[in-house]
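Chemist: Could you have a look at this structure, given as C-alpha cells, before my questions?
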Amino acid sequence: MISTRSAPSPDFDRSPASRKPGRTVGIAATATLALIGTVAVAAPAVSSPTRADGQKGARCSLNAKLVPSCGVLWGAAPAAFDYSSRVKSTQRFEGLIGRNLDINHGYKANNRLFPSADEIAIANGAGGSGKRLLLINYRPGMDMTWKAMASGKGDARLDRLAKYIRGHYTDKFFVSIWHEPEHFVKQSAGSGMTATDYRNMVRHVILRLKSKGVNNAVFVQIYQGYPKYAAMSWWKDLYPGDDVIDWIGTDSYNSGKTSGYNSGDFHDMVNRKKGSWQGWYNWATSKHPGKPLMIGEWGVFANKSAPTRQAWFYDQVRTQLSSYPAIKAMSYFNANKLDKGTTRIDANSASQSAYRKLSNSFPPIDLNR
C-alpha cells in the first residue's frame, strides 16, 4: 500500500504493524519507538586487528565506489526507530562493540533533505575517534506511484535535494533508492507499481540527481531477503541496470531459533533458496560479476527459547563470511522492538561479547575519501 503522507517523519523506519505474514522484517513506515538509552559513553578504543596476510594494524583503503581494498565495511543502524539523538546512539553502540562504525545507516522519504545535520556530524567523527560513511535509504515518492515519479512528477523534490546535497555535503556516501521494493509491487495493468515501473523510477531518480550535480552518491540496489519474491517471474525486472547501480544489496534476518523459518546459519542467510531461485549471493555474483555486495540490513532475534543462539549466529558470521568474498559491507539493524522481538546486540552478555568479537575481526579501513 502506498503512503499518502505529505510530511514524513524526520526518518522513516520499520513499523511492526506493517509486516506481511512470513516476513522477518517489516516495510518501512513512520515510527517513533523508544529504543535503548542514549547516555553518552566514552569513545571506543579502536582495535587494530590482524589482516589475513599477517600485517597487524595495516589499514585497507577505499576506491572511488567506496569498495574497500581488504576487509569489510562494518555498519549499523545503531538505534533503529530512535530519533532523539543519532550522535549519542551511535556513540553508545560503538561503546558496546569497542570500535568505530564504518557505516552509519539512516532512512529518509519524500521531501526530507539529507544528509541531516546529525548525519553530517556523525560522518565527520562526532562522538567517536574517526570518520564514518553514511548509508541513506531514500524513498523519494511515497505519496505517488513509481510510474508518476518516473514521469517527472517528483522532479522539483529531487532538484531541491540535489541543491541541498551540493551545498551541504561533498564527501562520498551510499544511497539506496527505495530499498526492499518487492512488497510494494502490483503487477496489475495501470497500477503504476509494476516491477518495470520501479526500475524506471530508480533510473529516473538516479539520473536526475546526477544531472543536477550529485556526483558523490554511490548507489546501492537493496532487495528484500525473502526468496518467495525472488522466485516471482517479475523479480528480475526490478533491477535498474549496471550503469546506474554501483553496489547490490539485500536485507536478511535470522530468527534466533534452532529450527524453522530463517533459523539457519550465515550460509543460509545469504543464499536462501526457493524453487529455481538459488539464493541472493549466487544470483548477484553470477548475473552481475564484479559488483560489490552489501548486506544493507541484518539482525538476529534474541529468543528466550534459545538464549545462546544469537551469540552462536554472530560466531557463524565470523567464521563463514570469508566464503563470500564479494560481500564488502554489512550493516546491522539494532532494534529494541520488532514483530519477532529484539535484535539488540546486547540482549544478553554472551550476545554482546560475540558481536564485539565479530566486529573486531576485520582489518581497519581508512575512511578518508
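Nothing in this text is a laboratory measurement; each read-out follows from the coordinates by a stated rule. Here the structure is a predicted model, which is why all the values come from computation and not from measurement. Heads up, the Cβs are rebuilt from the backbone with ideal geometry, glycines too, and the neighbour counts pull from every protein chain shown.
Chemist: Quote the relative contact order of region 51-203 in percent (integer), defining contacts as alpha-carbon pairs under 8 Å separated by 6+ residues.
Modeler: Contact order relative to length: 19 percent.
Chemist: Next up: Note down the nm distance, to one decimal, between modelled labels 7 Å out along Cα→Cβ at A326 and at L207.
Modeler: Modelled inter-label distance: 2.6 nm.
Chemist: Give the lysines reachable from K304 as a straight Cα distance under 23 Å; neighbours fewer than 8 places away on the same chain don't count.
Modeler: The qualifying lysines are K257, K337, K340, K357.
Chemist: Now a separate question. Which of the aspartates and glutamates could a cross-linker bridge to K236, judged by Cα under 12 Å and excluding same-chain residues fewer than eight apart?
Modeler: Within the straight-line cut-off, K236 pairs with E182.
Chemist: Separate question: By the gyration tensor of its Cα atoms, with a ≥ b ≥ c the square roots of the eigenvalues, what is the shape of region 217-279: rounded for a/c under 1.5, prolate for a/b over b/c, or oblate?
Modeler: Values: a/c = 3.09, a/b = 1.66, b/c = 1.87.
Cα axes put region 217-279 in the oblate bin.
Chemist: Counting pairs of Cα atoms in region 13-359, how many percent are more than 33 Å apart?
Modeler: Of the Cα pairs, 23 percent sit more than 33 Å apart.
Chemist: All other residues with a Cβ under 15 Å from the Cβ of A306 taken together, and with Lys, Arg as +1 and Asp, Glu as -1, what is their net charge?
Modeler: +2
Chemist: OK, next. Give or take rounding to whole Å, what are the principal axis extents of the alpha carbon atoms in region 160-273, in descending order?
Modeler: Principal-axis extents of the Cα atoms in region 160-273, largest first: 51, 38, 21 Å.
Chemist: Here's a follow-up. For an R0 of 41 angstrom, estimate the FRET efficiency from the Cβ-Cβ distance between S353 and T170 and round to the nearest 0.05.
Modeler: In this case the efficiency is close to 0.60.
Chemist: Under the Kirkwood approximation for Rh and a Cα-based Rg, what ratio Rg/Rh is obtained for region 278-369?
Modeler: 1.01
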